[in-house]
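The structure appears below as structure tokens.
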Amino acid sequence: MLKFVVSEDRNWLSLIDYEEEFERKQIDISLTRKIHNHYFHPLVKKKHWDGAICFVDKRLPIWRVPSGLWSEVYQICEKYKIDVENPESCKNLPRPFYTTNQ
């Protein structure tokens, strides 16, 4: 089960707890995307960059995801059958994450 907390400025979702390493790794893999036509980018041609952009901030011991990707995280968890805890601090985040049927 993944457990997220929304930062005080409401810009970040902090991944504070997880049961298995594969859950955290799946979030990392799913939120890493290649740019459009990355083969033709000069840095990729020179082999200085692989063309991938990761939306997970891993500089701190606690991984952070921009709060605008909240629905994306939820869809990833549904797709790979990963349980996610819906914190009370997510009430004002856009649907489909917060539901009143809890």
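Computed quantities for the displayed model
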| item | result |
| --- | --- |
| Residue 22-residue 35 pseudo-label distance in nm [points 7 Å out on the Cα-to-Cβ vector] | 3.4 nm |
| Label-point separation, residue 49 to residue 8 (7 Å along Cα→Cβ), nm | 3.4 nm |
| Projected area, mean over directions - region 12-89, Cα convex hull, nm² | 6.3 nm² |
| Length gained when the stretch residue 57-residue 83 is fully extended (0.36 nm per residue, less Cα-Cα span) | 7.2 nm |
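A short reminder: the numbers here are calculations on the coordinates, not readings from a lab. Note that this is a predicted model, so its numbers are computed, not measured. Note that each Cβ is placed from the backbone with ideal geometry, even for glycine, and that neighbours are counted across all protein chains shown.
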